[in-house]
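This report concerns only the one structure given below.
Read the figures in this text as sums done on the coordinates, not as results from a lab. Remember, it's a predicted structure, so these values are computed and weren't measured experimentally. Please note: Cβ atoms are built from the backbone with ideal geometry, for glycine as well, and neighbour counts cover all protein chains shown.
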């Protein structure tokens, strides 16, 4: 398995010289399995660059969406494979409320985008699973999903293939003031023994209580989750658009102080555009 980050920013793209090292594109992660299967997690602006690479192939593409907030779907109209004739693209919507499984295509309707969804040449399938169907297979991968704590809900995913387990839990508030969809201990079980946990770390404890209820976790809580589930690596994800490269460096240093105090073997890093993890 090979995992590459194409977009790591939360809420809105962040261009500018202070956001070069970690990148300013919104959420998108690519997983390529040993059998050649391409799985994409979210379709933020980072998917545009990924599309240039995948356009060289003709094999099916599988897109898992966490939810429909714009920073997780806004790159889709610029994803080159959707314009390739007879390219198979399978989209798995998140467990959202309201239930709007084709919202990623609706953003191309009317006056919102110059190319209507009807003009797309690819074979695009929206694959709706019932709310209880939380285990399914894609290629050689076994996928599990779990509701996340976020306004409008959504899905977290675990992908297991090639002897590797990846947990993707973004836009998730571990301790929300509203009714939880999933408890902390359930996330621990869900991501147990993950080779890498990619988790929302948009805020810090210092940002609270001003941003309580906004649907994102503080980085310190993500570290505690990673240690509790015995993850090997924690990729801090969904970086706040206000946080510069230097600020993110400080977040990583601060998080690693928790790891040191706990005498844990957890490896903590901030996800970065273009960063690849090879599990070979």
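In table form, for the structure just shown:
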| read-out | value |
| --- | --- |
| Residue tally, condition outside any strand (DSSP E or B) and surrounded by fewer than 17 Cβ atoms within 10 Å (Cβ to Cβ), over segment 140-161 | 3 |
| The one condition in (1) touching a residue at least 24 places away in the same chain (Cβ under 8 Å); (2) in contact with a helix residue (DSSP H, G or I) (Cβ under 8 Å, 6 or more places away or on another chain); (3) under 25 Å from residue 44 (Cα atoms) that residue 215 fails to fulfil | (2) |
| Looking only at segment 231-242, and only at residues there that are free of Cβ contacts under 8 Å to residues at least 60 places away in the same chain and under 20 Å from residue 211 (Cβ atoms), the one that is surrounded by the most Cβ atoms within 10 Å (Cβ to Cβ) | 236 |
| Subset of segment 193-212 that is surrounded by fewer than 22 Cβ atoms within 10 Å (Cβ to Cβ) and touching a helix residue (DSSP H, G or I) at 6+ places or on another chain (Cβ under 8 Å) - its residue that is nearest to residue 275 (Cα to Cα) | 204 |
| In segment 94-116, residue farthest from the chain's Cα centre (by Cα) [restricted to those that are in contact (Cβ under 8 Å) with a residue 60 or more places away in the chain and part of a loop (DSSP other than H, G, I, E, B)] | 95 |
| Members of segment 24-50 found to be out of contact with any strand residue (DSSP E or B) (no Cβ under 7 Å at 6 or more places or on another chain) and in a loop (DSSP other than H, G, I, E, B), listed by number | 34, 35, 36 |
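Residue by residue, here is whether (1) surrounded by fewer than 20 Cβ atoms within 10 Å (Cβ to Cβ); (2) in contact with a helix residue (DSSP H, G or I) (Cβ under 6 Å, 6 or more places away or on another chain) holds:
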site: 46; (1), (2): no, no
site: 59; (1), (2): yes, no
site: 69; (1), (2): no, no
site: 76; (1), (2): no, yes
site: 80; (1), (2): yes, yes
site: 86; (1), (2): yes, no
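Here is a yes/no grid of residues against (1) touching a residue at least 40 places away in the same chain (Cβ under 8 Å); (2) surrounded by fewer than 23 Cβ atoms within 10 Å (Cβ to Cβ):
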{"residue": "226", "(1), (2)": "yes, no"}
{"residue": "244", "(1), (2)": "yes, yes"}
{"residue": "259", "(1), (2)": "no, yes"}
{"residue": "269", "(1), (2)": "no, yes"}
